[in-house]
1. Could you work out the helix-only [θ] at 222 nm for the chain, with each DSSP H run of four or more residues adding -39,500 (n - 2.57) and the total divided by the number of residues, to the nearest 500 deg cm²/dmol?
2. At q = 0.22 Å⁻¹, what log₁₀ I(q)/I(0) does the range 349-414 have when each alpha carbon counts as one equal point scatterer in the Debye sum?
3. Arranged from highest to lowest average of other beta-carbon atoms within 10 Å per residue, in what order do the peptides 403-410, 263-270, 438-445 appear?
4. What FRET efficiency do you get for residue 258 and residue 422 if R0 is 45 Å and r is their Cβ-Cβ distance, rounded to the nearest 0.05?
5. Quick one: helix 352-363 against the long Cα principal axis of the chain, what's the angle to the nearest 10°, folded into 0 to 90?
6. If you average 1/r across every pair of different Cα atoms in the range 172-313 and take the reciprocal, what Kirkwood value do you get, in Å?
7. What is the spin-label model distance, in nm, from residue 459 to residue 22 if the labels are put 7 Å beyond Cα along the C-beta direction?
8. What is the Å³ per residue value for the convex hull set by the Cα atoms of the range 234-368?
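Since every read-out is calculated from the coordinates, none of them should be taken as a lab result. Since the structure is predicted, the reported quantities are computational estimates derived from the model, not experimental observations. No Cβ is skipped: glycine too gets one built from the backbone with ideal geometry, and neighbour counts run over all protein chains shown.
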């Protein structure tokens, strides 16, 4: 008798399947069981495999002619997300919208321009601005960078100030509907299709929305609208578009019988957040950021400058600010990590090029940003082309030095001892004010699905 077990592919893993395997998809549009301006909960049907790129649609129903922040788009609405199976929290991310300020850096410019602009309102797609005429030759010298998405000169042909704007389909006054992928909400699902039909517990997704009063939902049009506009969520457009995947014949039942107990390992994220003044940042700070007894793969940090009107900026408050300038000299950011009684780097990191190198090595991907966007160096951002009257070259309302995220890859593959991880940092020449420092720890978790029951624990 032939053993059929070896012929059944791993249906959970995203990737290639046998060409003769018949696959069917059922799409279901779910309304939230709880739906307010602050919170939404969706309950999924326990059928098929949940496609990892199922979408949650969101919109705002007033607020004039604003847009969502250009770097993260509609993700600015979600402050916290959680995936629950029964009473178990499988995955969650706090300050999710700020987290997406980091993750969105790694999306290719062309993908943002051609797809994400219309799916999620993410618009960071840089282009070269060519001089019209240089030495009698046209369009051969590029002097600056600007965004490809509907930017206008600060002055018109007659030399008078021109009104700049965004694409009409992105303006909140036109009530566009954008979407968030569940793979973005929960990185655990990016590589695994959840076998809902094998789970006997309730599966739910919870979204805690950023408050309207925080002014962190959208960006208003400078000089046309005033700050303080409250953008409320259009609850009628809050939907979950769930794609359930099915396979032909007895394949799914055979897969269930073959996998009575399933185990897998994934990453989850824990947030450590605290406030500093600019004088405190200038000191040698040593912070305990957690991770005791856990397996920690990497750590990501961002620094937000707290302002009264965050909606008066192209990217709102979803930033990580670089050190300031002292005349023509850049300030310095000095850092290191200490865990298991050892320092991550033998010598403290100070050079901005090394910081960028560490970021690339930690993520194994290249951020799609310019040198000036990372650390206020190079002077490449355009001052002549604006977005809704905001200058990209500005460090307060534009993109200058506002993508200075720092990442650390823990390279010894060790469990962190009971002292946890200590982060050392020092910023010089920071503008006066209050700052919020965020640290996300990427922790290793394991999950078990046994006879329809789901359980998780830290590795």
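1. -2000 deg cm²/dmol
2. So the normalised log intensities work out to -0.89.
3. Ranking, from highest mean packing down: 403-410, 438-445, 263-270.
4. Computed FRET efficiency for residue 258 and residue 422: 0.45.
5. Between the helix axis and the principal axis of the chain, the angle is about 20 degrees.
6. 20.7 Å
7. For residue 459 paired with residue 22, the spin-label model returns 3.9 nm.
8. Hull volume normalised by residue count: 258 Å³.
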